[in-house]
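**Student:** Below you'll find the structure I mean.
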Amino acid sequence: MKTKVLLKNKRMKVGRNDPCPCGSGLKYKKCCLGKKDPIPGDYKDSYYKKYKIRLKEKVDIEGIKAAGRLALATLDLVESEIRPGMTTDEINTLVHDFTVKNGATPAPLNYRGFPKSVCVSINEIICHGIPGERVLEEGDLVNVDVTPILNGYYADTSKTFFLGTPGRDAQKIVRVARESLKKGMSVVRPGNTVGDIGWAIQDYAEGEGCSVVREFVGHGVGFDFHEPPQVPHYGRKGEGIALVPGIVFTIEPMINSGGKELRILDDDWTAVTKDGSLSAQFEQTILVTEDGFESLTPYDL
């Protein structure tokens, strides 16, 4: 049975056994259920105190949106230039120069020792591919993951591109990865939980005969590159932190055509599928609104 509760004059459904949206960490039935005005209008203090989540206000959202527009323009530039015969380092130069030209800083550069300005992940590389001398070939799948810092705000997004004519397996994994992001976004609304996002992605991807990477997850973003909460792309309905307006995080499912297991190469960054199968990823930065969500790095899925 679902109970309707007020949230800033909006209505949402919260089950008795769901986490209480007030941020107490208790189940709804043991916390705010039955109170006359159970859900406070401002979660800012409680969510920071309980989860270290910093909710974004209007001025912050506008700043992240501006960074998001630059991130999307960067991906558009890469899409227009990427081709067989290009090295991954040429992509890095393209991204770095365009980011700096537009008054921003590439967040990956020197982040925890990462040596480049963008992650470029090809075929069996799941994520964190370091640009270098590798030459792109006809039929490759190439994920390009960009995060500019503009006026102190971060936005994080990625796409997987085809080079030339993709094979059947490549077409499938890109389709499933794209749809997995769409499925995860579709359940973002106040009162739902982080677990609902993971469940929607896992249920769809595994139903298509693919697997979901466990070791790398979505994350809060905006004030910093990585913030709470973590957003796994697998999980159970109703589990995890309850979503409230003002939370900004990435959804970035990494989907493998084979098994979910991975290994890290000797560079301590590059993650590849253990069985050598293809992997694909799409990512957007998402804001929880009062009645659903808004992508701050929107592109068609």
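Nothing in this text is a laboratory measurement; each read-out follows from the coordinates by a stated rule. Bear in mind that the values here come from a model prediction, so they are computed numbers and not experimental data. Methodologically, a virtual Cβ is constructed for each residue, glycine included, from the backbone with ideal geometry; neighbour enumeration extends over all protein chains shown.
**Student:** What's the magnitude of the charge dipole for the stretch 58-295 around its Cα centre, counting Lys and Arg as +1 and Asp and Glu as -1 at the beta-carbon? Answer in Debye, nearest 20.
**Tutor:** The dipole of the stretch 58-295 has a size of about 420 debye.
**Student:** Calculate the FRET efficiency for Lys58 and Ile264 from the Cβ-Cβ distance with a Förster distance of 41 Å, rounded to the nearest 0.05.
**Tutor:** 0.55
**Student:** Taking the Cα atoms of the chain alone, what are Rg (to one decimal) and Dmax (as a whole number) in Å?
**Tutor:** Calculated on Cα positions, Rg and Dmax stand at 19.6, 65 Å.
**Student:** Under a 5 Å amide H to amide H cut-off, with H placed in plane at 1.01 Å, what residues pair with Ile251 once short-range neighbours are removed?
**Tutor:** Here Gln284, Ile286 satisfy the definition.
**Student:** If you count, for each residue, the other Cβ atoms within 10 Å and average over each peptide, how do 187-199, 263-275 line up from highest to lowest?
**Tutor:** Ranked from most to least packed, the peptides come out as 187-199, 263-275.
**Student:** Okay, moving on. How far apart, in nm, are the 7 Å Cα→Cβ label points at Asp224 and Glu137?
**Tutor:** Using points 7 Å along Cα→Cβ, the separation is 4.1 nm.
**Student:** Follow-up. When the Kirkwood hydrodynamic radius is evaluated over all pairs of different C-alpha atoms of the stretch 213-257, what value in angstrom, to one decimal, is obtained?
**Tutor:** Result for the stretch 213-257 stands at 11.5 Å.
**Student:** Hey, what number do you get for the chain at 222 nm if only DSSP H runs of n ≥ 4 count, each worth -39500 (n - 2.57), divided across all residues, to the nearest 500?
**Tutor:** After summing the helix terms and dividing by residue count, I get -8500 deg cm²/dmol.
**Student:** Another question, if that's okay. Suppose we take every Cα in the stretch 171-301 and form the convex hull; what volume per residue is that in Å³?
**Tutor:** 103
**Student:** So, in nm, how far is label Asp169 from label Lys237 when the simple model puts each one 7 Å beyond its Cα toward the Cβ?
**Tutor:** 3.4
**Student:** Kirkwood hydrodynamic radius (Cα pairs, Å) of the stretch 60-184?
**Tutor:** 14.9
**Student:** My understanding is that a pair violates if its Cα-Cα distance is over 18 Å; which of Lys159/Lys182; Lys182/Lys274; Lys44/Lys183; Lys65/Lys183 do that in this structure?
**Tutor:** Lys182/Lys274; Lys44/Lys183; Lys65/Lys183
**Student:** Gain in length, Asn151 to Lys50, computed as 0.36 nm per residue apart minus the alpha-carbon separation, to one decimal in nm?
**Tutor:** 33.5 nm
**Student:** Tell me which of Pro298, Ala271, Gln281 sits at the most positive position along the dipole axis of the stretch 261-301, charges placed on C-beta atoms (Lys, Arg +1; Asp, Glu -1).
**Tutor:** Toward the positive end, the furthest listed residue is Ala271.
**Student:** Out of Gly240, Ile82, Thr99, whose Cα points farthest toward the positive end of the dipole of the chain (charges: +1 Lys, Arg; -1 Asp, Glu; placed on Cβ)?
**Tutor:** Positive-end residue among those listed: Gly240.
**Student:** What order do you get for 47-55, 217-225 when each peptide is scored by the mean count of other beta carbon atoms within 10 Å, highest first?
**Tutor:** The peptides rank, most packed first, as 217-225, 47-55.
**Student:** Around Thr193, which amide H atoms from residues at least 5 apart in sequence, or from another chain, sit under 5 Å from its own amide H, with H modelled in the peptide plane?
**Tutor:** When sequence neighbours closer than 5 places are left aside, the close amide H contacts are Gly238, Leu243.
**Student:** Would you mind calculating the gained length between Asp89 and Asp291 on full extension (0.36 nm times residue separation, minus the Cα-Cα distance), in nm to one decimal?
**Tutor:** Gain on stretching Asp89 to Asp291: 68.5 nm.
**Student:** Note the full-extension length gain between Thr105 and Glu206 as 0.36 nm times their separation in residues minus their Cα-Cα distance, in nm to one decimal.
**Tutor:** Gain in length upon complete extension: 32.6 nm.
**Student:** If you take the Cα Rg of the stretch 96-152 and divide it by 2.2 N^0.38 Å, with N the number of residues, what do you get?
**Tutor:** This ratio for the stretch 96-152 stands at 1.21.
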